[in-house]
Structures are given as structure tokens and as C-alpha cells.
Amino acid sequence: ILQFFLEVNKSAKVLTISSEIPKRIQSALKNAEESKQCLNQFLEQETHLFSSINSHLLTAQTWMDELGAMIDQIEEIERHLAYLKWISQIEELSDNIQQYLMTNNVPEAASTLASMAELDIKLQESSCTHLLGFMRATVKFWHKILKDKLTSDFEEILAQLHWPFVAPPQSQSLGLSRPASVPEMYSNLETLFCQLLKLQTSDELLTEPKQLPEKYLLPASPSVILPIQIMLTPLQKRFRYHFRGNRQTNVISKPEWYLAQVLMWIGNHTQFLDEKIQPILDKVGSSVNARLEFSRGLMMLVLEKLATDIPCLLYDDSLFCHLVDEVLLFERELHTVHSYPGTFASCMHILSEETCFQRWLTVERKFALQKMDSMLSSEAAWVSQYKDITDVDEMKVPDCAETFMTLLLVITDRYKNLPTASRKLQFLELQKDLVDDFRIRLTQVMKEETRASLGFRYCAILNAVNYISTVLADWADNVFFLQLQQAALEVFAENNTLSKLQLGQLASMESSVFDDMINLLERLKHDMLTRQVDHVFREVKDAAKFYKKERWLSLPSQSEQAVMSLSSSACPLLLTLRDRLLQLEQQLCFSLFKIFWQMLVEKLDIYIYQEIILANHFNEGGAAQLQFDMTRNLFPLFSHYCKRPENYFKHVKEACVVLNLNIGSALLLKDVLQSASGQLPATAALNEVGIYKLAQQDVEILLNLRTNWPNTGK
């Protein structure tokens with residue numbers, strides 16, 4: 001029954017849904033029909049509107065064409081008006097200048113010309129070539145008139161002040177008949193100077209600056225200010241008169257003549273420029289330094305002269321070298337005495353030109369090698385010039401090494417003011433080549449002296465190697481060479497000439513630009529020291545052959561002797577050692593001798609321990625005698641060089657301790673060592689009796705070398 005009712009209910013729902021679906025479909029169709037009608041109406045309206053717009057556009061096109069033509073005409077007229085306004089403005093400024101000049105109002109005329117020059121600069125982007133030409137011609141016209149007038153008046157004032165000052169400052173005098181006119185004269189000087197400054201802009205527009213060829217890579221710099229240019233004119237005339245053409249003063253082999261003349265002119269005028277001209281520039285708010293501006297103007301004369309002369313003497317070594325020397329002296333005085341900035345154009349830019357620079361490098365190398373030949377062939381090559389002055393002669397530097405390092409230092413001074421890092425790096429490579437060449441020469445001389453490795457000359461060579469290495473290590477921390485290291489790092493990074501590890505070491509300052517040279521020198525030093533140590537060690541071994549055969553088993557005990565004395569067989573050994581130590585202490589510098597005796601002691605300690613102590617057996621007297629020979633005679637030989645020499649003979653010292661232990665302590669130690677299962681108990685026992693260097697097995701061997709054991713019946 002329940003199933004029947006469920007089926008009836010389901011059938012009723014299906015009938016209800018079936019009756020509702022047609023109604024919804026009809027409603028949707030009706031809505032779609034209405035939407036279609038609306039859309040058709042919109043399309044009809046759009047067609048009508050489109051037709052109306054096209055009709056209106058056709059009608060308005062004529063008006064648009066007429067209006068466009070009128071707008072073009074208006075724009076054209078506006079351009080003409082603007083053009084005429086510019087012309088009017090130029091003419092107005094020109095008329096003003098004329099009026100000012102007619103009324104002798106030069107300051108206003110100069111100010112107006114400055115305004116006109118500024119307009120000229122503003123017009124540079126314009127395409128109106130005729131307007132630009134008119135503007136430039138007008139500026140040029142008035143600039144010439146004003147410049148000529150002001151220059152004439154300015155030169156007249158300078159003449160009254162006896163400018164230029166060709167005599168030193170002490171002898172300068174105005175030579176005025178009426179001292180009362182001096183203030184008025186300086187007032188006129190200031191007025192004219194300021195008026196000429198106003199012409200600076202127009203002068204830069206009209207005057208092409210004189211430039212040397214691009215190959216000299218001179219730094220960009222503005223023109224010298226106009227009043228200073230006028231002040232320089234008489235000096236420029238003098239310079240060209242004396243140092244050009246066929247004048248007797250124009251001698252290519254005497255560059256010092258014109259260089260000294262320029263320095264003298266700068267010095268003669270410094271006081272006047274600082275006291276009279278600089279205050280004027282400060283007053284008008286200019287950042288120009290009068291003295292440097294004056295120096296810069298004179299410097300251009302020198303640069304032009306050098307650029308002309310250098311090609312003529314490039315392949316004459318003596319003349320070229322003389323020129324470079326004089327130029328470097330000139331540069332040094334210019335920078336140190338007259339504070340000429342390193343950023344300004346200088347003679348170093350001329351010397352840095354590729355052809356000239358390569359020639360300079362070649363000549364520098366040639367003369368350096370000649371100097372090295374002469375210093376090594378000198379009779380005093382291996383003698384220290386300070387040998388009689390103990391405080392100064394700590395390094396015991398032979399004359400050739402000191403002269404060589406002075407040569408390198410002079411080369412550094414010669415190139416350190418070069419304008420580019422790349423040029424400095426090329427000189428650095430030259431220095432490194434010279435160091436390597438000198439090292440090779442030292443090695444050759446050393447090989448000739450190998451048979452006399454303790455001789456004076458051999459020691460002098462060793463001192464030379466040590467001195468050069470020490471100085472190079474000091475230079476590596478110098479700011480100049482650290483800067484070169486940074487520059488080299490950038491070059492190596494660009495060219496991929498070093499591994500990442502090497503680049504990292506350079507960047508972190510773990511290595512230096514001289515590391516390769518220092519490593520080679522240190523290796524040579526170590527080889528030479530080793531040869532000396534081996535030589536002395538062989539002599540000591542020969543002297544110790546009787547001491548090795550000493551009857552250690554049958555020597556009387558200490559109680560049987562009134563006084564302990566040195567073994568007679570040990571005397572040759574100790575005398576040889578003493579003589580060689582004294583000899584080398586006098587011939588080697590302190591640091592080298594310290595390395596020498598420490599290396600010798602290390603070998604001596606092992607030799608005595610292995611060849612004398614371990615090769616023999618000792619009774620009580622023998623052990624006591626050995627200890628006496630070592631602690632009271634051998635060790636004190638080195639007490640002059642360190643406070644506790646026994647610490648350098650660890651094997652011998654501890655072996656003597658073991659051999660001289662009293663019977664009870666020796667038996668106890670022997671039992672501990674034999675019964676020790678681990679390392680700690682044995683180590684503690686050894687430390688307790690003063691044994692730190694020798695191993696447990698070594699101590700057991702030494703105990704077995706003793707013959708004074710009690711008879712236990714075992």
C-alpha cells in the first residue's frame with residue numbers, strides 16, 4: 001500500500017511539471033520577439049543618424065578646410081612674430097650697448113653683452129640658421145669692440161704696475177712718481193678686471209680653445225679666464241720669442257732653460273696674484289684660483305714646447321733621458337712649491353703618449369741595467385758603507401744592494417705622478433723585471449762563491465738578498481703600491497689572466513704586487529742559509545769524532561773528582577762552534593744570524609742525541625760528564641743569543657736528565673714505563689721528572705743505556 005501511494009505522488013508531480021514547461025517556453029519566446037523588435041528600431045535609428053552625420057560632415061568639410069588654413073596662417077604669423085621679437089630683442093640689446101658706449105658706460109655695456117651671449121646659448125637648439133648667424137655676428141661685433149677697449153685700458157694699467165714682473169719679488173717696485181695714485185690704480189685694475197670677466201661667456205662662444213692632439217689625453221678644462229689671458233700675453237710673447245725659431249736660447253739640449261723660466265715667472269707673480277687679483281675674484285663670487293689659473297696658462301706653453309721637441313730627440317738616448325730628468329724635476333717643484341694640482345694638464349700627459357712612453361720605458365731599463373752592471377763591478381760592491389757605524393749597520397747591507405734599492409726608489413718617484421694607473425703598472429712591471437734580473441745576478445755571483453760559503457762575499461750576498469726581500473715586503477704595505485694592487489686587480493679581472501683564488505688573495509690583501517719576487521728571494525735566502533748551516537755542521541761533526549769515541553762507560557764519578565772539567569775531546573767541537581758563531585755573527589745581519597744559529601742548533605741537537613748519546617752506554621761518571629759538557633759548556637755558547645739556550649737542545653737536555661736520574665727515581669720510572677697500559681700514566685710520570693719532548697720508547701732506550709743499575713740478582 002505504501003509503495004502504491006509513493007508512485008501516485010510521483011506521478012502527480014510529473015504531471016504538474018509537464019503542464020508548467022509550455023507556459024515558460026511561451027513567455028521566453030514572447031520576450032525574445034519583443035527584444036528583436038527593439039533591436040530593429042535601434043538599427044533603423046542608427047542608419048538614420050549615420051546618414052545625418054555624413055551629411056553634416058560633408059557640409060562642414062569646407063568650413064574645416066578654411067579654418068585649418070587660417071590656423072596654419074596664424075601659426076606662421078606667430079612664428080614670424082617670435083622671430084621678429086628675437087630680432088627686436090637682439091637689436092634692442094645692441095642699441096643699448098651702443099648707447100652705453102656712447103655715454104662711456106662700459107660696465108653696463110659689458111653686462112648687456114653678457115646677456116646677449118646668454119641668449120646666444122639659449123638659441124643653440126634652434127633650427128633658424130639665419131637668426132643664429134645674426135645673433136652670433138652681433139655678439140662678435142660688440143665683443144670685439146668691448147674687448148679691444150677693455151684690453152687696451154687693462155694693458156695700460158698693467159704697464160703702469162710694471163707688469164710682467166721679470167725680476168724676483170724682492171726687487172719689484174711700482175716705480176710711481178706719486179705714491180698717492182697707487183690706490184686709484186688698483187681701483188681701476190679691479191674695475192677693468194671685473195668688466196673683462198663679464199666678457200668671459202661671449203669670449204668662450206667666439207674663441208676656439210687651443211688644444212693639443214687627442215693622443216696626449218689631456219683632461220678636459222675650461223679656457224683660462226679672459227683677464228688672466230691678457231695678463232699672460234706679454235709672457236707668452238717672451239716665451240715664443242726666446243724658445244722658438246733660431247734664437248740662441250732655443251736649444252733642444254737645454255730644456256731646463258724654458259722650464260726654469262716658467263717656474264721663475266710663476267714665482268715672481270705669485271704674491272701679486274694672491275694679494276691683488278684673488279680678492280677681486282672672491283669679491284665677484286668666482287671659484288677661480290688666480291695663481292693656479294695663471295700657472296695653467298703658462299703650463300700650456302710648456303706642453304706645446306714639449307710636444308714639438310720630443311719627436312726631435314726621441315732616439316737620442318742621452319738627450320731624451322736629460323729631457324725626462326728635467327721635466328720630472330720641473331713637475332716636482334711645480335706640485336710641491338707652487339701647489340699645482342695633479343688633476344690639471346701636466347708634462348706627465350705628454351710623457352704618457354704611447355710612442356714617448358715606450359721610449360721612456362726602454363731608456364729607463366737601459367740605464368738601470370747599466371747602473372746595475374757598474375754597481376756589481378765596483379770594488380766596494382760588497383762592503384757596507386755604514387760598516388763603522390754600528391747603530392746604522394744593523395742590516396749589514398752591501399753597497400750594491402743599497403744602491404739597487406735606491407735605484408728602484410728613484411724609479412718609483414719618477415713614475416708615481418703619471419696620470420693613469422695603466423702607465424704606472426707598466427713601470428711596476430719594469431721594476432719587478434729589474435728585481436728579478438738583480439736576483440739572477442746575485443745567484444750567479446753566489447755560485448762562484450759556493451766553495452767559500454762562510455766567506456765575506458757569500459755573507460754579503462746573503463745580506464743583500466735579505467735586505468731586498470725585507471724592503472719589498474715593506475713597500476707592499478705602502479699606500480701607493482696598494483693602490484697599484486687595486487688597479488692591477490681590475491686589469492687582471494678584465495683580462496681573466498688570474499685564477500679566482502689569486503684574484504681573491506689580491507682583493508683581500510693576502511698577497512701583494514711583489515709576492516712573486518719576495519718568494520723567489522726568500523727561497524734563495526733559505527738555500528744559502530742551508531748551505532752555510534751544512535758547512536758549519538760538517539766542520540762540527542769532524543771536530544766531534546773524538547768526542548763520539550769518549551769512554552763513557554769507565555769515567556770516574558763526580559764524587560771521585562775534586563772539580564768537574566770539560567772533556568778534552570769536546571774542546572775541538574766547542575772551539576769550532578764558537579769560532580764559526582763569532583765569524584757569522586759579525587758577517588750576517590741579526591735576523592739572518594738568528595735563523596742560522598737556530599737551524600744549526602736543531603741539527604746539532606739531533607746529531608748529539610743520535611750519534612753520541614744513543615750510540616754509547618754511560619756509567620754514573622759518564623752521564624755526569626756528558627751533562628757537565630752540555631749544560632756548562634755547549635749550552636752557554638748560545639746564551640748570548642737567547643735567554644734559555646737549553647730549550648733549543650730539547651733532545652740533549654732531556655737525555656741528560658734521564659741518564660743522571662738517581663738510582664731510585666730511575667728504577668721507579670722504569671717500572672712505571674713497563675707497567676703503563678695507557679698513555680696518560682706514562683706521560684704524567686715523564687713530565688714529573690722533566691721529560692716533555694722525548695717519547696716513552698726513547699726514554700726506555702735511554703734507561704737501558706745506563707750501566708749503573710744495582711745487582712738485584714735477576
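The values are calculated or read from the model by the stated rules, or taken from the named source; none is laboratory data. Because the structure is a prediction, the values reported are computed rather than measured. Backbone-built Cβ (ideal geometry, glycine too); neighbour counts: all protein chains shown. When the accessible area is computed, the model is the full protein with side chains, heavy atoms only, and any ligands, DNA or RNA have been set aside. Shrake-Rupley method; radii C 1.70, N 1.55, O 1.52, S 1.80 Å.
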Out of 384, 377, sole residue that is in contact with a Lys or Arg (Cβ under 7 Å, 6 or more places away or on another chain) and at pLDDT below 95: 384
The one condition in (1) more than 22 Å from residue 700 (Cα to Cα); (2) of a type outside the set (Lys, Arg); (3) at pLDDT 95 or above that residue 605 fails to fulfil: (1)
Any chance residue 230 is surrounded by 15 or more Cβ atoms within 10 Å (Cβ to Cβ) and among the hydrophobic types (A, V, I, L, M, F, W, C): yes
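With respect to residue 360, determine if the residue is aromatic (Phe, Trp, Tyr) and either over 24 Å from residue 484 (Cα atoms) or in contact with a strand residue (DSSP E or B) (Cβ under 9 Å, 6 or more places away or on another chain) (or both).
No; evaluated as a whole, the condition is false for this residue.
Within the stretch 238-251, identify whether any single residue is surrounded by 17 or more Cβ atoms within 10 Å (Cβ to Cβ), over 29 Å from the mean Cα position of the chain (by Cα) and part of a helix (DSSP H, G or I), and answer yes or no. Lay out the reasoning, then the answer.
Within the stretch 238-251, the subset surrounded by 17 or more Cβ atoms within 10 Å (Cβ to Cβ) is 239, 243, 250.
Those still in the list that are over 29 Å from the mean Cα position of the chain (by Cα) too: 239, 243, 250.
Going one step further and asking which of them are part of a helix (DSSP H, G or I), we end up with 239, 243.
Within the stretch 238-251 (the criterion being surrounded by 17 or more Cβ atoms within 10 Å (Cβ to Cβ), over 29 Å from the mean Cα position of the chain (by Cα) and part of a helix (DSSP H, G or I)), the answer is yes, since at least one residue qualifies.
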Any hit, the stretch 69-90, residues being closer than 19 Å to residue 199 by Cα and surrounded by 15 or more Cβ atoms within 10 Å (Cβ to Cβ): yes
Which numbered condition residue 663 fails, given (1) among the aliphatic types (A, V, I, L, M); (2) crowded, with 16+ Cβ neighbours inside 10 Å; (3) under 19 Å from residue 627 (Cβ atoms): (2)
Hey, residue 324 within 26 Å of the chain's Cα centre (by Cα) and assigned to a helix (DSSP H, G or I) or not: yes
Residue among 20, 66, 108 that alone is at pLDDT below 85, acidic (Asp, Glu) and open to solvent by less than 90 Å² (accessible area, probe 1.4 Å): 20
Residue in the stretch 203-224 that is surrounded by 13 or more Cβ atoms within 10 Å (Cβ to Cβ), among the polar types (S, T, N, Q) and in a helix (DSSP H, G or I) present: no
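Any chance the stretch 623-644 includes a residue that's without any contact (Cβ under 8 Å) to a residue 40 or more places away in the chain and open to solvent by less than 20 Å² (accessible area, probe 1.4 Å)?
Yes; the residues of the stretch 623-644 include at least one that is without any contact (Cβ under 8 Å) to a residue 40 or more places away in the chain and open to solvent by less than 20 Å² (accessible area, probe 1.4 Å).
Kindly provide the set of residues from the stretch 439-474 that are of a type in the set (A, V, I, L, M, F, W, C) and under 15 Å from residue 522 (Cβ atoms), ordered by number.
Matches in the stretch 439-474: 442, 446, 461, 462, 464, 465, 468, 471, 472, 473.
Say we look at the stretch 263-288 and pick out the residues that are outside any helix (DSSP H, G or I) and among the β-branched types (Val, Ile, Thr); which of these is surrounded by the fewest Cβ atoms within 10 Å (Cβ to Cβ)?
284
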Among (1) modelled with pLDDT under 95; (2) open to solvent by less than 20 Å² (accessible area, probe 1.4 Å) - the single one residue 652 does not satisfy: (1)
Top-ranked residue in the stretch 180-202 [being among the small types (Gly, Ala, Ser) and farther than 15 Å from residue 106 by Cβ; ranked as most open to solvent (accessible area, probe 1.4 Å)]: 180
Test result for residue 539, outside any helix (DSSP H, G or I), surrounded by 14 or more Cβ atoms within 10 Å (Cβ to Cβ) and in contact with a Ser or Thr (Cβ under 6 Å, 6 or more places away or on another chain): no
Checking residue 170 against (1) modelled with pLDDT of 85 or more; (2) surrounded by fewer than 16 Cβ atoms within 10 Å (Cβ to Cβ), the condition it does not meet: (1)
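Does the stretch 117-135 contain at least one residue that is polar (S, T, N, Q), closer than 20 Å to residue 226 by Cβ and under 55 Å from the mean Cα position of the chain (by Cα)?
No, the stretch 117-135 contains no residue that is polar (S, T, N, Q), closer than 20 Å to residue 226 by Cβ and under 55 Å from the mean Cα position of the chain (by Cα).
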Members of the stretch 453-494 that are polar (S, T, N, Q) and open to solvent by 50 Å² or more (accessible area, probe 1.4 Å): 470, 478, 483, 486
